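Let me begin by presenting the structure, written as structure tokens, before commenting on it.
Every number in this text was worked out from the coordinates using simple rules, so none of it is lab data. In this text, all values refer to a predicted model and were calculated from it rather than measured experimentally. Using ideal geometry, Cβ is built from the backbone for each residue, glycine included, and neighbour counts are taken over all protein chains shown.
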Amino acid sequence: MKTITKSLLVSFALVLSPQTLANDNFTFGMGAGTFYSGIGVNAGIQSKNDLKYISAGCVSYSSIYGGTCGVGIGWVKTDIFDFQTPKHGASLYIGVVGSEYDNFDHEAVYGAGLGYHYFHRGIGNPGFNFGFTLVAGNEKDGIGVGGIFQAGYQF
């Protein structure tokens, strides 16, 4: 157990070292969609061509059952489509993708998604972003497939 803990701490320290993050910025965003795990927020590390983020939000709310909330992680890469202006990005997402009713309660459905996103001022600058993600999640009746529109602002 100590070996695993030490390995994780060393890996975490290397990822967050000043040399690794020299060309990256921390970013914070608010909105709706997979960037925000429903309606919520994200925090991430942003470079001029990509964004790696963690997110937390709610995918549904009922006055009887309350909110169905969850978390997610994702990665957006913009130099796949255009090299001059990094405004168009492709993304991978793993996290909460929906909710389902289960005997008097709503439960979060977790899954994965592939998406397209447009950054109004480019991925490396603060601004509005829009997109769409195709998602698949593990429901009680099998695999559920759907889509999630996304709109938000990265600071």
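Measuring spread by the Cα atoms of region 110-149 yields a radius of gyration and Dmax of 13.6, 42 Å.
Computed from phi, the 3J(HN,Hα) profile of region 101-108 under the Karplus parametrisation 6.51, -1.76, 1.60 (θ = phi - 60°) reads 7, 9, 6, 6, 8, 9, 10, 6 Hz, with x in place of Gly and Pro. Other residues with beta-carbon under 14 Å from the beta-carbon of residue 141 carry, at +1 per Lys or Arg and -1 per Asp or Glu, a net charge of -3. Cβ-Cβ distance of residue 52 and residue 145, R₀ of 30 Å, FRET efficiency by 1/(1 + (r/R0)^6): the value works out to about 0.75. Computed from the Kirkwood radius of its Cα pairs, the Stokes-Einstein diffusion coefficient for region 16-136 at 20 °C and 1.002 mPa s stands at 144 µm²/s. Of the three principal axes defined by the Cα atoms of region 59-118, the extents in descending order read 52, 19, 13 Å. Around the Cα centre of region 23-154, unit charges on the Cβ atoms of Lys, Arg, Asp and Glu (plus for the first two, minus for the last two) sum to a dipole of about 540 debye.
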